[in-house]
1. Could you check segment B:28-47 and list, in sequence order, the residues that are over 24 Å from B:L217 (Cα atoms) and out of contact with any helix residue (DSSP H, G or I) (no Cβ under 8 Å at 6 or more places or on another chain)?
2. Filter segment B:24-37 down to residues that are part of a helix (DSSP H, G or I) and crowded, with 18+ Cβ neighbours inside 10 Å, then give me how many there are.
3. Suppose the filter is touching a strand residue (DSSP E or B) at 6+ places or on another chain (Cβ under 7 Å), open to solvent by 40 Å² or more (accessible area, probe 1.4 Å) and in contact (Cβ under 8 Å) with a residue 60 or more places away in the chain; does A:R11 pass it?
4. Answer yes or no as to whether B:T174 is more than 14 Å from every other protein chain (Cβ to nearest Cβ), surrounded by 19 or more Cβ atoms within 10 Å (Cβ to Cβ) and farther than 30 Å from A:T89 by Cβ.
5. Can you tell me which of (1) modelled with pLDDT under 95; (2) over 16 Å from B:L245 (Cβ atoms) is the one B:L303 doesn't meet?
6. May I ask you to list the residues in segment B:208-223 that are surrounded by fewer than 24 Cβ atoms within 10 Å (Cβ to Cβ) and in contact (Cβ under 8 Å) with a residue 60 or more places away in the chain?
7. When segment A:304-316 is examined, which residues are found to be of a type in the set (A, V, I, L, M, F, W, C) and assigned to a loop (DSSP other than H, G, I, E, B)?
8. Determine which single condition B:R194 fails, assuming it passes every other condition in (1) within 30 Å of A:E10 (Cβ to Cβ); (2) of a type in the set (D, E, K, R); (3) surrounded by fewer than 16 Cβ atoms within 10 Å (Cβ to Cβ).
Protein chains: 2
Amino acid sequence: MRELRVDLGERSYPIRIGEGLLGQAGQELLEAGLSVKSPLLVVSDDSVAPLYLEPLLEQLRSAGFRAASCVVPAGESSKSLARFEEIMTRALEEGLDRKSAIVALGGGVVGDLAGYAAASYMRGIRFVQMPTTILAHDSSVGGKVAVNHPMAKNIIGAFHQPALVLYDLDTLKTLPRREVSAGLAEVVKHGLIRDAAFVDWCVRHADRLLSLDPEALGYALFKGCEVKAAVVSADETEQDLRAILNLGHTIGHALEAVAGYGELLHGEAISIGMIGSALLGVQLGAPQEVYLRTREALGKAGLPVSLPEHFDTDRIMEAMMHDKKFGEGKMVFVVPTAIGEVEIRSDIREQWVRDIVERLKREASWP
Amino acid sequence: MRELRVDLGERSYPIRIGEGLLGQAGQELLEAGLSVKSPLLVVSDDSVAPLYLEPLLEQLRSAGFRAASCVVPAGESSKSLARFEEIMTRALEEGLDRKSAIVALGGGVVGDLAGYAAASYMRGIRFVQMPTTILAHDSSVGGKVAVNHPMAKNIIGAFHQPALVLYDLDTLKTLPRREVSAGLAEVVKHGLIRDAAFVDWCVRHADRLLSLDPEALGYALFKGCEVKAAVVSADETEQDLRAILNLGHTIGHALEAVAGYGELLHGEAISIGMIGSALLGVQLGAPQEVYLRTREALGKAGLPVSLPEHFDTDRIMEAMMHDKKFGEGKMVFVVPTAIGEVEIRSDIREQWVRDIVERLKREASWP
């Protein structure tokens, strides 16, 4: 088992990564300081719950906890105020008190929803994350929790750090191949912004990662969390530095907004976005190698590195402008200067971005 | 004008109390570091808005701000997730960004609702309080913001400190007499828990307070905020000390839960609750003077000091037990040991409380 500590003063917490962790969850919660006197609420979704919910509840109960559950439909639409209110109701029905915890068993959607519920119930109770996707390694570090508003994603939320993250690698075995790759997008991203050696490692071990080799996967998740934890520790509430985590997200978010439902997973969109950022970096003076290596690392992880022809450039630009409105009027880009190094630029011309979106369509075809 | 600084490290903020402050609100916001580049949203209710909203918006605009508004119905029922979502929608429509502020113009309900909106929008933007009731002096210090759930009050919320509190005494002139008294309940409470000399002052100057003499009222609000700020600074997230602010609230909340709609204002309920706590204090060994002085101070402020006969003791006890469920199973009382001194007791027997509720009905009649 690997353990990483996210260093945030009195809000510091451990991330434990390994096999079989759900089978010892009760003990882990007790060690994290939770009391069996206060009930727990496990939030999950209807994809994950049939696989892991009952065994987890059994485990927690055998450790002496009262544990109830709340299962929401799988998918982004559950990040809503309506589901949030449902969790509040369950928490009240089950008598959760100020020393209780809400446990998120699932991917990023469940983590964000349950985390915002934990942040808000009684003005904040403890929160435990048990991520069941690779992508969730990203959201499990940093305490950004939120639900969506019909007009904007992640607009209603909080910064609320978990008390503990338990990453059971066994729960990743049921992930579809496409979601494995999409999850690896954020793993590779963490290398691209801060750790060139880890990018090399990802390229060399891409096959092991794609086949979910536990040793390789455990290491990759550890490294991904490590980079993110270092950035978050230095800038908990995203005043400046933390923005580097948005590599690939300016274009990526716009692609997600424009894509048809289910056409692009988040990881796929930001993979294309990171290729765009690399092109921008080269245009601004970074060596060509930055673009080539970015493309290789993402491609080897089974991710798209070009934009399907049918995406409309005008609509993508509009979506970016809409995002901009909420960023104090500036279009902000995270741009690589080398592999493992990025800078934040707010002086990017609209025409450059438009050219890059067009260029992305001319890259080698969709994998 | 009086100014008080609530000392919370990097979350410290000033409370300004005086006449004519709304007329210089724009300047005050600029001095607090807000930028005219980011739009403001003023939240108010339909009692307060007709009196002060347009002049405030005019004032803010004349200082260069873009300022929109969102008006909710007056009353506790607006502390709902539905109204919260409405504010989120307005904030998005108006393009509020991370450097924007939500301004609460109104009493405690507006402050709690708008404050939770500010705590949650984009995971937290700035919040400015412009209280228009005496009671709101209490909620304007400490950053406790929340909405209600149909099953429990204030259960969905956050700790979110304002950037600035502007207390314009002119806006209090339209308060009905009953609400003036109810607001003074929390003012007197702050004396009872920490400042015997201020209790004396309240008794001597009760008439000036009831007639809304600006000098007396400004001083009383300043002192009330000062006590609360000292307690909150020492214990921002209510781990222990801050619980002393709940003097009178264990019984008071139960009375509110049992009372018919509109029968008891919050301040009236906690006035009776503080009489109950004083009786409990005397029973536990405090001098009789504690009870007599508490009764005098609250009575002079025009507050009820006894319980109307028709209140059912069993229902009051049930309501207290329900509250207890959320306090880790213990019934917690704040009990005075002297005027200006209290202790927190969790060893209070149910029968004692029952006897005191009965005794409260035999106190001198409802004023």
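The values are calculated or read from the model by the stated rules, or taken from the named source; none is laboratory data. From a predicted model like this one, the values you see are computed outputs, not experimental measurements. Positions of Cβ are generated from backbone atoms using ideal geometry, with glycine treated the same way; all protein chains shown enter the neighbour counts. Just so you know, the surface numbers come from the protein's heavy atoms only, side chains and all, with ligands and any DNA or RNA stripped out. Shrake-Rupley method; radii C 1.70, N 1.55, O 1.52, S 1.80 Å.
1. B:L30, B:E31, B:A32, B:G33, B:L34, B:S35, B:K37, B:S38, B:P39, B:D46
2. Final tally of qualifying residues: 4.
3. Spelling it out, it is not the case that A:R11 is touching a strand residue (DSSP E or B) at 6+ places or on another chain (Cβ under 7 Å), open to solvent by 40 Å² or more (accessible area, probe 1.4 Å) and in contact (Cβ under 8 Å) with a residue 60 or more places away in the chain.
4. no
5. (1)
6. B:L210, B:P214, B:G218, B:Y219, B:F222
7. Within segment A:304-316, A:V305, A:L307, A:F311 qualify.
8. Only one criterion in (1) within 30 Å of A:E10 (Cβ to Cβ); (2) of a type in the set (D, E, K, R); (3) surrounded by fewer than 16 Cβ atoms within 10 Å (Cβ to Cβ) is unmet by B:R194, namely (3).
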